[in-house]
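What follows draws every value from the coordinates through simple rules; no lab data is involved. Predicted, not measured: the structure shown is a model, and the values here were computed from it. No Cβ is skipped: glycine too gets one built from the backbone with ideal geometry, and neighbour counts run over all protein chains shown.
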Amino acid sequence: MNDRSTTILGIETSCDETAAAVVRDGRFVLSNVVASQAALHAPYGGVFPEMASRQHVRDISWVVQAALDEAGSAWADLDAIAVTRGPGLSGALLVGVSAAKGIALASGLPLYGVHHVAGHLASHRLCTGGRRFEPGEPVPDDHPPMPHLALVVSGGHSELYLVRSFASIRHLGGTLDDAAGEAFDKAARLLGLGYPGGPAIQAAAAGGDPTALSLPVGRTEGPYDLSFSGIKSALARVVDGLGGPSESTPATGQVVPVADLAAAFQAAVVEALVRRVARAVQDHPEVRAVLVSGGVAANTALRQSLAGTVPVPVAFPPPSLCTDNAAMIAAAAHVGMLERAPEVADLADLDLDVMASVPLG
Ligand code: KG4
Ligand code: ZN
């Protein structure tokens, strides 16, 4: 291995994925192992925090070992350990942070505490054109282009940032209630489509007519703020009025198939997001690109609508880097090694604590 290369082991346990990854030079994903707890939480229609922590405890050791094995890395090849310190579920975060501290203590390697949302922003350092960089491939220093707008849309976050550099991230706005992914999950529960809701709604919506009913696009105070609870409540009222998904209302005899309900809901969420991003691009003509990340970035309707609306390039990571993963956490730690960006990733001691809710920007 090249003497100047840097190999970081990332660990992520903020929600319901136990993840570990090995990343070289902050750009090349050598391994990216994710143990999803989706099936465990599915009966509850959302993440059950205590069960999440306990499953992380069961999975963390083998996931870390699998990440090293897949990368062909030995402990001696590593230069640093990176771990998500927050935001997220405290009990879940504690598992990853404790494991990372144990590894740092035993190995003597430096430990970086990483902001989870900054990790999503840093996922774009690992890929281009929807694919990961190949190990050794030349990567321009200014990738991703700065300044850019970053939209993070996941089960826990729906935030818009102006990123001039990783040391200069400005929060422009975000959701006032539910996160976009959370709204998808709740809507899927209403429609009896299962968990996680985003992929289920997307699949159901594929055969539906988004104009079959019109749902309100959330109204907010700030120009870049978002709100999804109104869209979800409107959907709930429609489903209620229909006596359940797909059934006819006794009064009107109206029948609205689940596919149409899913399509209308997805269209309303996508429109709310695209409107805010388009407005932010208009107000910040200096931005060179829009970078989307988080689980909802996997949504094809959002991808098509954004790309067709904003006048600058729009980038989405490959799906494996959209949803929670530890490669993005290692990538963010590499940023913390290159430049002082303590909000993104900071060198930590063994007294590193978790931060369940810590804003970025
Ligand atoms: O980033 P992520 O894995 O975890 C959090 O940090 O929350 O995002 C998970 C969320 C879930 O709410 C899931 O329903 C949503 O992302 N999601 C999608 C799609 N795939 C995942 N939402 C819409 N369309 C999708 N294709
Ligand atoms: Zn996330």
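Name, by its number, the condition in (1) touching a helix residue (DSSP H, G or I) at 6+ places or on another chain (Cβ under 7 Å); (2) over 24 Å from Asn32 (Cα atoms) that does not hold for Asp351.
Of everything listed in (1) touching a helix residue (DSSP H, G or I) at 6+ places or on another chain (Cβ under 7 Å); (2) over 24 Å from Asn32 (Cα atoms), Asp351 misses just condition (1).
Inside the stretch 84-170, counting only strands (runs of 3 or more DSSP E) that do not spill past its ends, which hold 3 or more residues that are closer than 21 Å to Leu360 by Cα and either more than 15 Å from the chain's Cα centre (by Cα) or free of Cβ contacts under 8 Å to residues at least 12 places away in the same chain (or both)?
Working: elements: 111-115, 148-153, 158-165.
Where strands (runs of 3 or more DSSP E) fall fully within the stretch 84-170 and carry at least 3 residues being closer than 21 Å to Leu360 by Cα and either more than 15 Å from the chain's Cα centre (by Cα) or free of Cβ contacts under 8 Å to residues at least 12 places away in the same chain (or both), they are 111-115, 158-165.
The rows are residues; the columns are (1) crowded, with 17+ Cβ neighbours inside 10 Å; (2) within 23 Å of Thr6 (Cβ to Cβ); (3) in contact with a Cys (Cβ under 7 Å, 6 or more places away or on another chain).
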| residue | (1), (2), (3) |
| --- | --- |
| Val64 | yes, yes, no |
| Ala76 | no, yes, no |
| Ala82 | yes, yes, no |
| Gly86 | yes, no, no |
| Leu89 | yes, no, yes |
| Ala99 | yes, yes, no |
| Leu121 | yes, yes, no |
| Ser158 | yes, no, no |
| Tyr161 | yes, no, no |
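In the stretch 171-190, how many residues are in a helix (DSSP H, G or I) and within 16 Å of ligand 2 (Cβ to nearest atom)? Lay out the reasoning, then the answer.
From the stretch 171-190, those in a helix (DSSP H, G or I) are 180-190; that's our starting set.
Filter once more, keeping what is within 16 Å of ligand 2 (Cβ to nearest atom): 180-185.
So the count comes out to 6.
Cβ-Cβ under 9 Å, sequence separation 6+ or interchain: first residue in the stretch 310-323 and closer than 14 Å to Asn299 by Cα, partner of a type in the set (D, E, K, R) and within 16 Å of ligand 1 (Cβ to nearest atom). Which pairs?
Val314/Arg303; Phe316/Arg303; Thr323/Glu17
Just give me the residues in the stretch 196-221 being within 16 Å of ligand 2 (Cβ to nearest atom) and surrounded by fewer than 20 Cβ atoms within 10 Å (Cβ to Cβ), in sequence order.
Pro199, the sole residue that qualifies.
Of all residues in the stretch 35-62, which are crowded, with 20+ Cβ neighbours inside 10 Å and not polar (S, T, N, Q)?
His41, Val47, Ala52, His56, Asp59, Ile60, listed by residue number.
Within the stretch 253-361, considering only helices (runs of 4 or more DSSP H) that don't extend past its boundaries, which have at least 2 residues that are within 30 Å of Ile60 (Cβ to Cβ), within 22 Å of the chain's Cα centre (by Cα) and more than 16 Å from ligand 2 (Cβ to nearest atom)? Write out each step before concluding.
On the way: elements: 258-283, 300-309, 319-322, 327-338.
Fully inside the stretch 253-361 and qualifying: 327-338.
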